[in-house]
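Where a number appears in this text, it was derived from the coordinates with a stated rule and is not lab data. Only a predicted model underlies this, so the values are computations on that prediction, with no experimental measurement involved. Backbone-built Cβ (ideal geometry, glycine too); neighbour counts: all protein chains shown.
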Amino acid sequence: MRLFRSDTVYGIKSPAELVKELRAENGLTQRELAYRAGTSQAAIARIESGAEDVTWTRLRSILSAMGEEPVLASKRLASRYDFNDLMLDRAMPPEVRLANGLSVNRFGSEIALAGAAARAKNARA
């Protein structure tokens, strides 16, 4: 089962969240929306829970049933991984990139171990 969540870093809304939010704003039940969109209430429930992938055609059909039109656009992400950073990384020799990756992996492991130790300490307290 696939569960979609908003991308917490970039604030990207999932189709599941979009359908659920718009349905609530329009004061519709899942059954009412399903009837309008020509599908079943169970299908709407699966879509809203993120258990079902939605094609663009199906998303457009569901949103149209609520008087909405999906809009697909792109925008530059606010991230340190921009084009210039990627090009700099690619210019590094493979052994340097590997060493950097291993360093990040070790750091992640240290954080995970510290978190587990803190949770164990809190559980004993």
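Considering only MET87, ALA99, GLY115, whose Cα is most displaced toward the positive end of the charge dipole of region 83-124, charges sitting on Cβ of Lys, Arg (+1) and Asp, Glu (-1)?
Value: GLY115.
Mind sorting out which of (1) 1.08; (2) 1.17; (3) 0.97 is the real Rg/Rh (Cα atoms, Kirkwood Rh) computed from the coordinates?
Among (1) 1.08; (2) 1.17; (3) 0.97, the one derived from this structure is (2).
Suppose the chain between ASN84 and PHE107 were pulled fully straight at 0.36 nm per residue; how much longer would it get relative to their current alpha carbon spacing? Mind showing how you got there, number by number?
Working: separation 23, 0.36 × 23 = 8.28 nm, distance 2.46 nm.
Using 0.36 nm per residue and subtracting the Cα-Cα distance, I get 5.8 nm.
Order these peptides, 84-96, 27-39, by their mean beta-carbon neighbour count within 10 angstrom, highest first.
27-39, 84-96
Quick check: convex hull of the Cα atoms in region 1-75, volume per residue, rounded to a whole Å³?
Working: hull volume 6.7 nm³, N = 75.
So the per-residue hull volume is 89 Å³.
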